[in-house]
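Trainee: The structure that follows is given in the form of structure tokens.
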Amino acid sequence: MNTPTGAVGYLTADQTRAALLKATAAPSLYNSQPWRFHCTPDAIALYADRSHAVPVADPEHRELVLACGAALLNLRLAIRVLGVQPDVRVLPGHCSADLLAIVRPVRRRPPTPTDAELAAAIPRRRTNRKPFLPNSVPPSLHGHLRQAAEAERAWLAIPEREQLPKVQALTQQAHEAQISDAKFTAELQHWTGRDSSSPDGVPARSSGPRPEPQDEWVLRDYSSGQAKARVVGKDFEPEPLICVLGSFQDGVLAQLHAGMAMQRVLLAATAAGLSSSFLSQVVEIPCARKELRSLLGGGLWPQAVLRIGYGSPVPATPRRPLHEVVSGMPVPRA
Ligand SMILES: Cc1cc2nc3c(=O)[nH]c(=O)nc-3n(C[C@H](O)[C@H](O)[C@H](O)COP(=O)(O)O)c2cc1C
């Protein structure tokens with residue numbers, strides 16, 4: 001096929017840029033954005049960018065790969081809504097261990113209604129650390145979110161009510177272990193409480209209220225100590241939907257699929273009018289993760305723990321400009 005400069009397969013240059021912008025809207029630990037894309041006339045390659053790793057919280061780069069998986073799902077959906085079918089090869093592995101996927105926009109094919117719905121949710125999805133409304137998520141939506149995880153070859157475990165105190169206790173213990181580690185808190189402070197002009201890291205305005213001892217689910221303070229005390233009477237929701245995204249294996253391939261599954265769950269939640277945030281402490285401290293795994297029956301590797309409910313709108317976090325994360329095609333610096 002005859003491709004003009006900047007075009008990739010069946011995508012024009014503008015469509016390629018639009019798809020890459022959607023890819024980079026993916027969530028990542030501390031908004032570290034650990035991805036790189038390289039475009040050729042027939043493919044977009046996704047690489048892990050280990051210079052944006054978070055070595056204390058994520059020493060094995062597991063969450064880094066999850067974030068890249070989330071970016072890959074966004075890229076697939078963004079291409080699908082342009083009426084193009086992407087052929088995706090994960091871990092093609094021939095030249096670099098950082099090469100996670102090659103995406104070839106190979107033929108025209110109309111998007112499905114689900115593709116369109118999920119792609120439309122990409123710019124609306126945000127991590128919401130504020131208290132949610134007291135309404136609980138109806139059981140009919142639990143199955144919908146589970147299906148989203150299964151569509152990407154992962155599993156969404158929703159702990160039973162009687163298991164929740166144990167998940168809470170494990171999260172609290174993991175949180176305490178982390179905040180008593182000076183290297184962890186230095187890294188947390190480095191990435192959070194940023195002003196809104198920073199193209200990565202978490203802006204102070206995206207943090208939740210100041211954590212309080214009575215909080216049932218301990219959320220990290222992403223404000224670098226600037227968080228405001230809670231408005232009197234405005235507490236966290238009594239029954240958030242807590243779910244654990246798990247994979248059947250725990251290598252890079254499984255983590256990449258888990259990242260796509262995590263993002264599909266987050267987008268399905270967004271499309272259903274739900275908000276979400278993460279409780280990653282329990283999957284970052286190895287002994288807590290192991291206990292969570294056995295609490296859930298031992299068959300799954302917990303990859304991400306999500307808190308889902310009905311939240312009020314929160315602002316978007318910034319992203320690095322495309323020209324910093326994309327090579328191989330002209331990307332305007334505007
Ligand atoms: C693997 C992973 C783990 C995360 N863990 C946490 C967490 O423990 N607490 C939290 O508040 N946010 C967590 N986040 C959310 C990121 O901070 C968030 O995605 C990033 O700041 C970008 O903001 P956005 O999601 O609103 O686009 C995590 C995200 C990913 C992908």
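The values are calculated or read from the model by the stated rules, or taken from the named source; none is laboratory data. All values reported here derive from a predicted model rather than from experimental measurement. Heads up, the Cβs are rebuilt from the backbone with ideal geometry, glycines too, and the neighbour counts pull from every protein chain shown.
Trainee: If you check Ala45, Ala13, Ala7, which single one turns out to be surrounded by fewer than 20 Cβ atoms within 10 Å (Cβ to Cβ), over 26 Å from Pro286 (Cα atoms) and in contact with a Pro (Cβ under 9 Å, 6 or more places away or on another chain)? So that I can check it myself, show each step before the final result.
Mentor: Details: Ala45 fails: surrounded by fewer than 20 Cβ atoms within 10 Å (Cβ to Cβ); Ala7 fails: surrounded by fewer than 20 Cβ atoms within 10 Å (Cβ to Cβ).
Only one candidate qualifies: Ala13.
Trainee: Which count do you get for residues in the stretch 9-45 that are within 10 Å of the ligand (Cβ to nearest atom), assigned to a helix (DSSP H, G or I) and of a type in the set (S, T, N, Q)?
Mentor: 1
Trainee: When Arg320 is evaluated against the numbered criteria (1) within 13 Å of the ligand (Cβ to nearest atom); (2) in contact with a strand residue (DSSP E or B) (Cβ under 7 Å, 6 or more places away or on another chain); (3) basic (Lys, Arg), which criterion, by number, is the only one it fails?
Mentor: (2)
Trainee: For Leu188, indicate whether it is under 20 Å from Leu29 (Cβ atoms) and either of a type in the set (A, V, I, L, M, F, W, C) or at pLDDT below 95 (or both).
Mentor: On the way: under 20 Å from Leu29 (Cβ atoms): yes; either of a type in the set (A, V, I, L, M, F, W, C) or at pLDDT below 95 (or both): yes.
When the stated conditions are applied, Leu188 passes them.
Trainee: On to the next question. If you check Met329 against the conditions, is it in contact (Cβ under 8 Å) with a residue 24 or more places away in the chain, outside the structural domain of Gly69 (by TED's automatic domain parsing), surrounded by 20 or more Cβ atoms within 10 Å (Cβ to Cβ) and more than 16 Å from the ligand (Cβ to nearest atom)?
Mentor: Working: in contact (Cβ under 8 Å) with a residue 24 or more places away in the chain: yes; outside the structural domain of Gly69 (by TED's automatic domain parsing): yes; surrounded by 20 or more Cβ atoms within 10 Å (Cβ to Cβ): yes; more than 16 Å from the ligand (Cβ to nearest atom): yes.
For Met329, the condition - in contact (Cβ under 8 Å) with a residue 24 or more places away in the chain, outside the structural domain of Gly69 (by TED's automatic domain parsing), surrounded by 20 or more Cβ atoms within 10 Å (Cβ to Cβ) and more than 16 Å from the ligand (Cβ to nearest atom) - is met.
Trainee: I would also like to ask the following. Tell me whether the stretch 288-298 contains one or more residues that are of a type in the set (A, V, I, L, M, F, W, C), under 30 Å from Ile44 (Cα atoms), within 14 Å of the ligand (Cβ to nearest atom) and at pLDDT 95 or above. Explain how you work it out, then say what you get.
Mentor: Filtering the stretch 288-298 down to residues of a type in the set (A, V, I, L, M, F, W, C) leaves 288, 292, 295-296.
Then keep just the ones that are under 30 Å from Ile44 (Cα atoms); that gives none.
No: zero hits.
Trainee: Specify which of the listed residues (Asp98, Asp58) is under 20 Å from the mean Cα position of the chain (by Cα), of a type outside the set (A, V, I, L, M, F, W, C) and more than 16 Å from the ligand (Cβ to nearest atom).
Mentor: On the way: Asp58 fails: more than 16 Å from the ligand (Cβ to nearest atom).
The match here is Asp98.
Trainee: Just to verify a result, which residue in the stretch 191-215, among those that are over 20 Å from the mean Cα position of the chain (by Cα) and not polar (S, T, N, Q), is modelled with the lowest pLDDT?
Mentor: Among those residues, the one meeting the criterion is Pro213.
Trainee: Quick test of your reading of the structure: Ala258 fulfils all but one of (1) within 12 Å of the ligand (Cβ to nearest atom); (2) in contact (Cβ under 8 Å) with a residue 40 or more places away in the chain; (3) of a type in the set (Gly, Ala, Ser); (4) within 23 Å of Leu188 (Cβ to Cβ). Name the failing condition by number.
Mentor: Every listed condition holds for Ala258 apart from (4).
Trainee: Something else about it: In the stretch 121-149, what residues are away from the ligand (no atom under 16 Å from the Cβ) and either loosely packed, with under 13 Cβ neighbours inside 10 Å or farther than 19 Å from Ala304 by Cβ (or both)?
Mentor: Residues satisfying the conditions are Leu133, Pro134, Asn135, Ser136, Pro138, Pro139, Ser140, Gly143.
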